[in-house]
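> What follows is a single structure, and I will ask about it in a moment.
The values are calculated or read from the model by the stated rules, or taken from the named source; none is laboratory data. Here the structure is a predicted model, which means the values were calculated and not measured. Quick reminder, even Gly has a Cβ in these numbers, built from the backbone with ideal geometry, and neighbours come from all protein chains shown. Remember, those area values only see protein heavy atoms, side chains included, never the ligands or the DNA or RNA. Shrake-Rupley method; radii C 1.70, N 1.55, O 1.52, S 1.80 Å.
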Amino acid sequence: MAAFMLAEAVARRGVAGAPCRSVHLHSGNGLVAAVAGQAGYAVQAYDRYLPNVEATRRTLEASGGAAPRVAHGVLATADMPSGGADLVTIRIPTDRLGVQMAIAEAYRCLAVGGVCLLAGGNDEGVKPAARWLERVFGGVRLDAQHSGHRLLSAVRRAGEPADPAALASPWMNPDHMRATSVSLGAGEFTQYSRPGVFSWEHLDEATAMLAETARIAPGESVLDLGAGGSALGVVAARATQTGRVLLLDADADAVRCAARTVIGAGVHHVEVRASDAGEAVGDARFDVVVTNPPFHVGKATDLAVPRAFIEDSHAHLVPGGRLYLVANRTLPYERWISDCFGTVRTVHDGRRFKVLGATR
């Protein structure tokens, strides 16, 4: 619903003079960016999740028009001078800091007189987002509401934000990361993370359980699907000592954080790539796959990603290679693992989490 509200608002606005540039943050399936392109805007679209980037790209290609800029990430000002946009749209993320960072990025992108359009559900935090828009822009207008969703607009009227303190948080700096000291596996290291990355404020209990449970021998190659901040990747790299370790995540910030984590830990035989599940693996095969697959989309449970992780794990293991997967005890992964591998075993059964294993 939020995307449709944004698309309708963009279509109504059209282009007042040319050239006009639009920036679309959290672009999702690309509907809003495509409508902006058809309305005459030069389009730049951004999303932190790689599947959404690909969906946006396909939607824009199907809609025709001038070649847009579609990027994996949320840093529009990395591609354009500050104040270079006439219109910014935001389909709000569900985390509070993510909303604030998107609004800050919108303000930096917009020229004086430029408009920010933001839409989201009441249960996604659109009302607090309205208050933050007002702090930054000095005013906000409710343009529409429907089915528990709101469309808000704000105009950049000055060269400085209405409340400079609103943009003073260190999280408004895209290079600022949270450093967490981790004692896991063979020693200590620092894990780096950002808001929105899985379990960004602390080491996830399930990941720690998987790191302590998975058996990785020296020289074995390891694939980590859904690496997040990559504490697990460091443990794997230290265990294998010389074997190849590949860390994959669909989240652009997770990829940046994982790269900083492994560099800081001093493990040099590790590669970090952006990937939708195992797509970036290519034809490579590994001795071990470790994964703590995500199963939430916003507040809803979506088991399509874990199922893809299990199928990709089987596809990218050598014969005799081993899968270690950690999950909430209530999630029904045993059947899918058994369907792919022919059998499944419980490596560890804890109070809240279980580690499942299988051999190809």
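> Restricting attention to segment 327-347, report how many residues are at pLDDT below 95, of a type in the set (A, V, I, L, M) and either within 24 Å of Leu246 (Cβ to Cβ) or open to solvent by 60 Å² or more (accessible area, probe 1.4 Å) (or both).
Number satisfying all stated conditions: 1.
> So, in segment 4-51, of the ones that are of a type in the set (Phe, Trp, Tyr) and either more than 21 Å from Ala252 (Cα to Cα) or in contact with a His (Cβ under 6 Å, 6 or more places away or on another chain) (or both), which residue ends up surrounded by the fewest Cβ atoms within 10 Å (Cβ to Cβ)?
Residues of segment 4-51 that are of a type in the set (Phe, Trp, Tyr), as a first pass: 4, 41, 46, 49.
Checking which are either more than 21 Å from Ala252 (Cα to Cα) or in contact with a His (Cβ under 6 Å, 6 or more places away or on another chain) (or both) leaves us with 4, 41.
Numbers: Phe4: 15, Tyr41: 27.
Step by step, filter segment 4-51, then rank; the result is Phe4.
> Within segment 168-190, track down each residue that is open to solvent by less than 20 Å² (accessible area, probe 1.4 Å) and modelled with pLDDT of 90 or more.
Matches in segment 168-190: Val182, Phe189.
> Looking at (1) closer than 30 Å to Asp123 by Cα; (2) assigned to a helix (DSSP H, G or I); (3) open to solvent by 40 Å² or more (accessible area, probe 1.4 Å), which is the one condition that is false for Pro294?
(2)
> Among the listed residues Val197, Val222, which satisfies the condition of being modelled with pLDDT of 95 or more, closer than 24 Å to Arg307 by Cβ and open to solvent by less than 50 Å² (accessible area, probe 1.4 Å)?
Val222
> Only one of these is among the aliphatic types (A, V, I, L, M), over 25 Å from Tyr46 (Cβ atoms) and touching a strand residue (DSSP E or B) at 6+ places or on another chain (Cβ under 6 Å): Val267, Val289. Name it.
Details: Val267 fails: touching a strand residue (DSSP E or B) at 6+ places or on another chain (Cβ under 6 Å).
Every option except Val289 fails the conditions.
> Kindly provide the set of residues from segment 115-142 that are among the β-branched types (Val, Ile, Thr) and under 23 Å from the mean Cα position of the chain (by Cα), ordered by number. I'd like the intermediate steps shown before the answer.
Quick first cut of segment 115-142, residues among the β-branched types (Val, Ile, Thr) only: 115, 126, 136, 140.
Result: Val126, single match.
> Search segment 340-353 for residues being outside any loop (DSSP other than H, G, I, E, B) and in contact with an Asp or Glu (Cβ under 9 Å, 6 or more places away or on another chain), and hand back the single one that is farthest from Pro306 (Cα to Cα).
That would be His348.
Each row is one residue, and each column tells you yes or no for (1) of a type outside the set (Val, Ile, Thr); (2) in contact with a Cys (Cβ under 6 Å, 6 or more places away or on another chain); (3) farther than 27 Å from Gly320 by Cα.
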site	(1), (2), (3)
His202	yes, no, yes
Glu205	yes, no, yes
Leu223	yes, no, no
Val234	no, no, no
Ala265	yes, no, yes
His269	yes, no, no
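> Condition first: closer than 18 Å to Asp224 by Cα and aliphatic (A, V, I, L, M). Now tell me which residues in segment 309-346 satisfy that.
Correct list: Ile310, Ala315, Leu317, Val318, Leu323, Leu325, Val326, Ala327, Ile337.
> Moving to a separate point now. Output the residue which, of all residues in segment 147-157 that are of a type outside the set (Lys, Arg) and assigned to a loop (DSSP other than H, G, I, E, B), is nearest to Arg131 (Cα to Cα).
Gly148
> Please list, ordered by first then second residue, the pairs with beta carbon atoms under 9 Å, 6 or more apart or interchain, first in segment 162-189 and free of Cβ contacts under 8 Å to residues at least 12 places away in the same chain and more than 30 Å from Gly139 (Cβ to Cβ), second open to solvent by 60 Å² or more (accessible area, probe 1.4 Å) and of a type in the set (D, E, K, R).
Asp175/Arg256; Ser181/Glu188
> Continuing with the same structure: Can you tell which of Gly228, Gly282 is out of contact with any strand residue (DSSP E or B) (no Cβ under 7 Å at 6 or more places or on another chain) and open to solvent by less than 50 Å² (accessible area, probe 1.4 Å)?
Gly282
> So how many residues does segment 123-144 have that are open to solvent by 70 Å² or more (accessible area, probe 1.4 Å), modelled with pLDDT of 95 or more and in a helix (DSSP H, G or I)?
Number of matching residues: 4.
> Now for a different question. For segment 156-167, give me each residue that is under 20 Å from Met101 (Cβ atoms) and either aliphatic (A, V, I, L, M) or out of contact with any Gly (no Cβ under 6 Å at 6 or more places or on another chain) (or both).
Correct list: Glu160, Pro161, Ala162, Asp163, Pro164, Ala165, Ala166, Leu167.
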